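Below: the structure, in structure tokens.
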Amino acid sequence: MNPIIKLKNLKYSYKKEKNILDISDFTVNEGEKIFLYGPSGCGKTTLLSILAGIIPAKEGSLKIFGTEFIGAKNSLKDSIRGSQMGYIFQMFNLIPYLNVLDNILLPCKLNFKRREDMDKKSLIIKCKEISKALNIDNILTKKANEISVGQQQRVAAARALLGSPKLIIADEPTSSLDSDARELFLENLFSQCEAQKTTLIFVSHDKSLMKFFPRHIALPDINRAKL
Amino acid sequence: MIYLFKIASQSLWNRKISTLLTIFSIAMSIMLFLGVERVRQGAKESFSNTISKTDLVVGARGSEIQLLLYTVFHMGNATNNISWHTYNHFKNNSDVAWTIPFSLGDSYNGHRVIATDQNFYLHYQFFGNKKIEFKEGNTPNDIYDVALGAEMATKENLKLGDNIALTHGISEGLGILIHKDKPFTVTAILKETGTPIDRAAFITLEGMEAIHIDWQNGVPAINKKNANTQKIKKEDIKIEQITSFLIGANSRISSLSLQREINNYKKEPIMGVIPGVALSQLWETVSYAETALQIVSIFVVIIGLIGMMVSLYTSLESRRREMAILRAIGAGRIVIVHLLVAEAIFLSFSGCLFGVFFCYFFVACIQSLLLQNLGILISLTALSFHEYLYLIFVVILSALISHIPAIKAYRNSLIDGLSIRT
């Protein structure tokens with residue numbers, strides 16, 4: 001198994017306060033689907049921000065796709081995030097002034113590496129494929145603020161999936177959906193991840209979703225920092 | 001980068017009102033700057049073209065600028081007159097091609113009345129080689145004939161054949177002493193010249209002498225028996241003195257020796273001034289105001305740009321979500337900074353574009369008004385190289401100062417990480 005994330009003795013604190021995160025060992029392998037949970041305020045979003053390379057941890061070791069993130073240049077981390085990761089927020093995933101299609105294409109437009117060898121045409125074909133699978137192909141020309149919350153979350157998923165990233169991080173993406181929409185969203189996301197062999201880290205405090213995931217991690221269990 | 005401009009423009013469009021107001025304020029400041037420059041050039045052009053092809057202006061010794069002001073611009077008063085004898089002395093000089101005598105001192109409703117002779121209509125030139133032309137009527141010839149400048153005729157609603165009584169001295173409206181006993185008849189109206197000539201009236205030297213014929217010490221004679229208008233004949237009038245005169249020399253070089261001769265003239269304290277030299281001296285004194293105006297307009301542009309920066313800066317708070325999304329999909333510091341710089345460039349560039357457009361529109365609107373009221377002709381010329389440079393500088397400056405909100409945006413995104421605040 002090929003490790004996507006290899007985390008050792010990672011410590012993180014805001015300013016000089018006591019540690020928020022202190023994780024001795026955590027590894028995620030390629031193609032895994034992980035359910036990460038814990039009460040709010042336990043450092044879930046902070047961990048995700050560190051994994052995405054947006055906030056820098058100074059102590060320990062964090063290897064993402066084999067690249068050491070601790071002490072790495074911001075531009076390197078930005079580029080890895082842009083080209084090989086997808087991120088889905090809890091809500092308000094979309095840039096309000098762009099239409100749905102532009103929102104989905106945005107990461108590929110900003111990071112030429114993510115486009116791989118696709119030209120504009122095949123990029124749009126691929127985008128339509130994913131949109132169809134997520135059942136949003138009929139709203140591509142609408143403005144981001146004209147569609148429902150459920151649609152917005154699926155658009156965000158499509159954006160995260162386009163360009164075949166190795167890792168998708170989803171931070172409570174279903175919390176604004178009702179239970180039917182929640183399961184449908186998960187099904188769609190899973191089938192797309194499997195088709196692309198994408199690793200998924202799914203954060204939620206909703207334990208009813210646990211059953212869909214083969215591996216579960218409670219953050220308070222691996223986090224030695226006591227809050 | 002091109003894609004960033006696309007995002008930037010859509011982001012700006014999302015905030016239409018504040019974007020349009022920002023562009024408008026930059027456009028107004030650019031318009032002011034270019035407008036000031038246009039007016040300045042127009043004023044300078046009109047100013048230095050008031051007189052041309054004249055080699056020397058001669059008058060009583062004193063300030064060169066003052067001589068130019070009262071002779072050419074009809075402003076202020078002469079310190080002293082010069083004698084007819086002296087005038088003739090130089091008129092008959094072999095280096096002199098032509099002369100135009102002027103006798104000043106009277107007015108009509110605030111319009112200067114200038115006494116001169118036929119040479120004025122033959123030799124006076126302005127705006128290069130333009131000469132005085134008649135809209136109606138002919139050269140005033142008789143004692144009580146008067147030719148009116150175009151603007152004066154319209155303003156005072158006078159036409160050919162009207163009689164007017166001149167006021168002694170220069171005064172707005174009715175003066176204390178009016179030459180009621182000797183009315184003048186309008187025999188000509190001049191074509192528009194775009195110079196102070198438009199606002200003046202022209203009579204003959206004899207006419208000027210005639211209305212003051214029985215005066216003593218600057219007041220009318222108490223004993224009025226000689227003052228019968230109709231009895232005075234042109235041939236009988238002996239001209240005693242004039243105020244100043246213009247000289248056209250046979251050649252430019254001889255004008256220098258003529259000037260020396262005039263300045264060294266022993267019999268009377270007179271001086272000769274080369275109009276070009278005095279004009280540029282005069283313009284220099286005026287140019288302080290011009291520089292001040294320019295500095296003010298530069299500050300207005302800077303304030304416009306600061307306004308733009310403030311509007312970008314305050315927009316950031318409501319755009320934290322947008323920035324977090326951009327960061328999440330791989331936008332680094334450079335992309336965030338470039339996005340805001342692109343927005344600033346977009347704003348200032350549109351501002352410049354509209355500013356230029358407003359400026360031309362404004363100039364086109366007030367062009368005729370300025371020409372009529374101030375005699376300033378503002379031409380709708382293309383932007384000069386310097387002005388293009390200046391506009392480019394404005395865009396560059398806006399890109400530079402937009403780094404302040406840009407860096408703030410990036411800092412915000414570092415603080416927020418991937419937690420979304422709305």
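Just to confirm the filter: which trypsin sites (Lys or Arg not before Pro) across region B:101-166 are DSSP coil and have at most 14 other Cβ within 10 angstrom of their Cβ? Could the numbers behind the result be given before it?
Details: sites: B:Arg112, B:Lys130, B:Lys131, B:Lys135, B:Lys155, B:Lys159; in loops: B:Lys159.
When the trypsin sites (Lys or Arg not before Pro) of region B:101-166 are filtered for loop state and at most 14 Cβ neighbours within 10 Å, B:Lys159 remain.
Leaving out same-chain residues fewer than 8 places away, which lysines sit with a Cα under 19 Å from that of A:Lys166?
Here the lysines satisfying the reach criterion relative to A:Lys166 are A:Lys6, A:Lys33, A:Lys63, A:Lys77, A:Lys109, A:Lys113, A:Lys126, A:Lys197.
Which value, to two decimals, describes the C-alpha radius of gyration of region B:134-209 once divided by 2.2 N^0.38 Å? Before the final figure, lay out each step's value.
On the way: Rg = 11.8 Å, N = 76, 2.2 N^0.38 = 11.4 Å.
That ratio works out to 1.03.
Can you give the charge dipole size of region B:56-273 about its Cα centre, rounded to the nearest 20 debye, using +1 on the beta carbon of Lys and Arg and -1 on the beta carbon of Asp and Glu? Walk me through the numbers before you get to the answer.
Numbers: 22 positive and 23 negative charges, 51 e Å.
About 240 debye.
Translational diffusion coefficient of chain B at 37 °C, 0.692 mPa s, Stokes-Einstein with Kirkwood Rh over Cα pairs, in µm²/s as a whole number.
Using the Kirkwood radius from Cα pairs, D works out to 127 µm²/s.
I want to verify a result. In a Gaussian network model of chain A, Cα cutoff 10 Å, which of these has the top mean-square fluctuation: A:Lys33, A:Lys44, A:Lys120?
Maximum fluctuation in the GNM of chain A, among the listed residues, is at A:Lys120.
For chain A, with every protein chain kept in place, what is the accessible area per residue (1.4 Å probe, Å²)? The partial results should precede the final answer.
Working: 10110 Å² over 227 residues.
That works out to 45 Å² per residue.
Most fluctuating residue of B:Ile176, B:Ile132, B:Ile82 in a GNM of chain B with Cα springs under 10 Å: which is it?
Of B:Ile176, B:Ile132, B:Ile82, the Gaussian network model singles out B:Ile176 as fluctuating most.
Going through region A:1-53, which GluC sites (Glu not before Pro) have at most 10 other Cβ atoms within 10 Å and a DSSP loop state?
Numbers: sites: A:Glu17, A:Glu30, A:Glu32; in loops: A:Glu17, A:Glu30, A:Glu32.
Answer in residue order: A:Glu17.
Cut-off under 18 Å on the C-alpha distance; same-chain residues fewer than 8 positions from A:Lys8 excluded. Which aspartates and glutamates are left, in chain and number order?
A:Asp22, A:Asp25, A:Glu30, A:Glu59, A:Glu68, A:Asp221
Tell me, what is the Rg over Rh of chain A, with Rh the Kirkwood radius over Cα pairs?
0.96
What lysines could a cross-link reach from A:Lys44, if we take a straight Cα to Cα line under 16 Å and drop same-chain neighbours fewer than 8 places away?
Straight-line reach from A:Lys44, under 16 Å: A:Lys11, A:Lys207, A:Lys226.
Taking the alpha-carbon centroid of each part, what is the distance from region B:245-299 to region A:95-141 in angstrom?
73
Please compute the per residue accessible area over region B:1-88 with all protein chains in place, 1.4 Å probe, rounded to a whole number of Å².
Numbers: 3790 Å² over 88 residues.
Per residue, region B:1-88 has 43 Å² of solvent-accessible surface.
Picking from A:Ile88, A:Ile168, A:Ile55, which is most flexible by a Gaussian network model of chain A using Cα springs under 10 Å?
Highest fluctuation of the listed residues: A:Ile55.
Which value results for Rg/Rh of region B:5-78 when Rg is the Cα radius of gyration and Rh the Kirkwood radius based on the inverse mean 1/r? Before the final figure, lay out each step's value.
Numbers: Rg = 24.3 Å, Rh = 16.8 Å.
We get a ratio of 1.45 for region B:5-78.
So which residues of region A:46-82 lose at least 20 Å² of accessible area, probe 1.4 Å, when you go from the chain by itself to every protein chain present?
A:Ser49, A:Ile54, A:Ile55, A:Asn74, A:Asp78, A:Arg81
What whole-number distance in Å separates the alpha-carbon centres of region A:1-64 and region A:173-227?
Region A:1-64 and region A:173-227 have Cα centres separated by 16 Å.
Express the C-alpha Rg of region A:59-123 as a ratio against the empirical globular expectation 2.2 N^0.38 Å, rounded to two decimals. Could you put the intermediate results ahead of the total?
Details: Rg = 14.4 Å, N = 65, 2.2 N^0.38 = 10.7 Å.
Expressed relative to 2.2 N^0.38 Å, the Cα Rg reads 1.34.
log10 I(q)/I(0), Debye, Cα-only region A:152-194, no solvent, q = 0.16, 0.18, 0.22, 0.27 Å⁻¹?
-0.38, -0.48, -0.71, -1.05
Which semi-axis lengths, in whole Å and largest first, follow from the square roots of five times the eigenvalues of the Cα gyration tensor of the protein assembly as shown?
Numbers: eigenvalues 1613, 106, 73 Å².
Its equivalent ellipsoid spans semi-axes of 90, 23, 19 Å.
Just name one of B:Ser251, B:Leu158, B:Ser9: the one whose Cα is farthest towards the positive end of the charge dipole of the protein assembly as shown (beta-carbon charges, Lys/Arg +1, Asp/Glu -1).
So the residue furthest toward the plus end is B:Ser9.
Using only helices, what value at 222 nm comes out for chain B when you add -39,500 (n - 2.57) per DSSP H run of length 4 or more and divide by the total residues, to the nearest 500 deg cm²/dmol? Don't skip to the answer; put the middle values down first.
Values: 13 runs with 219 residues, N = 422.
Only helices count here, giving -17500 deg cm²/dmol.
At 222 nm, what value in deg cm²/dmol follows for chain A if DSSP H runs of at least 4 each add -39500 (n - 2.57) and the sum is divided by all its residues, to the nearest 500? Please list the in-between numbers first.
Details: 7 runs with 79 residues, N = 227.
Roughly -10500 deg cm²/dmol at 222 nm, from the helical runs in chain A.
Could you tell me what fraction of 2.2 N^0.38 Å the Cα radius of gyration of region B:56-273 comes to, as a two-decimal ratio?
Normalised Cα radius of gyration, region B:56-273: 1.00.
The values are calculated or read from the model by the stated rules, or taken from the named source; none is laboratory data. Because the structure is a prediction, the values reported are computed rather than measured. We place every Cβ from the backbone using ideal geometry, glycine too, and count neighbours over all the protein chains shown. To get the accessible areas, we keep the full protein, side chains included, count just its heavy atoms, and leave off ligands, DNA and RNA. Shrake-Rupley method; radii C 1.70, N 1.55, O 1.52, S 1.80 Å.
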